[in-house]
């Protein structure tokens, strides 16, 4: 009996950790570049659309991703200097009657983008393109800088009467990535 328990416990933890790792959201494809006047950031988040989250979206639950980005000047023997800190939001809402997804992105003035497929909505929701993080005039030549990016699913809020019924399941839709950090010299 004890041998069965000793075999079962490690297998259980491997299975649970495997499930947790398979659904981890993460920041990928980070590009820091510049235009003539601005420092620009591109990135995407992968692994954020679980089956439960997709079903919630298809059921009309508005879903918001919050992206945090910061720019610091790295200084030796001194605290790093914060130059910029941004918070942007992407929200998707499915309209069942029109069979369309309406996406708003705060970095584009919340101008709605309308698409007809979930796959296109997921792509737009998970990508941040051409994000102006700072003016180049605020950077000094030949100095080290660090850009950090993080994504999280804003807490889903249901009407009061449904919140108590589905409270247990709300945690299934939560995700938060680790901070992705990249260093560069300007």
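Here, each number is a calculation from the coordinates, and none is a lab measurement. Predicted model only: the values in this text are computed from it and were never measured. Here the Cβ is made from the backbone with ideal geometry for all residues, glycine too, and neighbour counts use every protein chain on show.
Brief remarks on what is shown
- Entry note, the stretch 25-185: relative contact order of 29 percent, from Cα contacts under 8 Å with a spacing of 6+ residues.
- Exposure proxy ranking for 75, 105, 144, based on other Cβ atoms within 10 angstrom of each Cβ and starting from the fewest, stands as 75, 144, 105.
- Going by neighbour counts of Cβ atoms within 10 Å, the residues 77, 184, 43, 175 line up, fewest first, as 77, 184, 175, 43.
- Sorting 120, 87 by the number of Cβ atoms found within 10 Å of their own Cβ, with the fewest placed first, yields 87, 120.
- Longest to shortest principal axis, alpha-carbon extents of the stretch 25-185, angstrom: 55, 31, 24
- Label sites at residue 97 and residue 110, each approximated as a point 7 angstrom past Cα along Cα to Cβ, lie 2.2 nm apart.
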